[in-house]
1. Any idea which residue in the stretch 50-67 is nearest to VAL120 (Cα to Cα), counting only those that are open to solvent by 50 Å² or more (accessible area, probe 1.4 Å) and more than 16 Å from the chain's Cα centre (by Cα)?
2. Give me the pairs: first residue in the stretch 81-108 and in a strand (DSSP E or B), second residue open to solvent by 30 Å² or more (accessible area, probe 1.4 Å) and of a type in the set (Lys, Arg), beta-carbon distance under 6 Å, and six or more apart or on different chains, which are they?
3. Look through the stretch 19-31, keep the residues that are in contact (Cβ under 8 Å) with a residue 24 or more places away in the chain and farther than 21 Å from LEU86 by Cβ, and return whichever of them is surrounded by the most Cβ atoms within 10 Å (Cβ to Cβ).
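The values are calculated or read from the model by the stated rules, or taken from the named source; none is laboratory data. Note that the structure is a prediction, hence the values are computed from the model and not measured. Cβ placement follows ideal geometry from the backbone for every residue including glycine, while neighbour counts extend to all protein chains displayed. What goes into the accessible areas is simple: the full protein's heavy atoms, side chains included, and nothing from ligands, DNA or RNA. Shrake-Rupley method; radii C 1.70, N 1.55, O 1.52, S 1.80 Å.
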Amino acid sequence: MNTVDRVRAVIADALYVDLEQVEPSANLMADLGAESIDFLDIMFRLEKEFNIKLPRGEIEQKARGQLSDAEFAVDGRLTDAGLANLRSMLPEVKDTAFRPGLHLREIPTLFTVQTFVRMVDERLVAGDGVLPTGGTERPASL
């Protein structure tokens with residue numbers, strides 16, 4: 001089973017939804033009914049499934065990049081520069097989701113199944129995990 005299928009299976013199990021619903025483009029909250037607490041469970045399950053470590057808050061940290069706090073967000077809302085950085089970190093998310101005034105706490109509402117596939121792939125390519133299939137399978141792309 002490839003990375004996408006394994007991530008889909010983990011998410012379906014964690015959210016108690018049919019595997020057919022867990023398409024790569026599905027938004028975890030809007031389409032699959034995930035709540036914020038579910039993200040921790042999904043990340044824990046993915047870490048166990050792939051024998052990797054998924055750093056908490058990694059997407060926000062990477063999106064912040066070299067921007068200062070004030071350049072990234074003002075009063076908890078992403079600036080244009082912060083929004084542009086976040087968009088580059090989440091290429092799988094539709095552009096219409098990146099609306100001006102997006103609040104920091106709303107970042108998880110953007111996550112799709114593909115977001116988690118990409119996070120797992122990045123950790124596997126970085127060598128932060130081993131594949132239980134014997135290590136010969138590599139992620140298709142980032």
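1. For the stretch 50-67, the residue satisfying everything is ASN51.
2. HIS103/ARG77
3. Step one: filter the stretch 19-31 for residues in contact (Cβ under 8 Å) with a residue 24 or more places away in the chain, giving 22-30.
From the residues that got through so far, the ones that are farther than 21 Å from LEU86 by Cβ too are 22-23.
Details: VAL22: 23, GLU23: 14.
Checking each candidate, the answer is VAL22.
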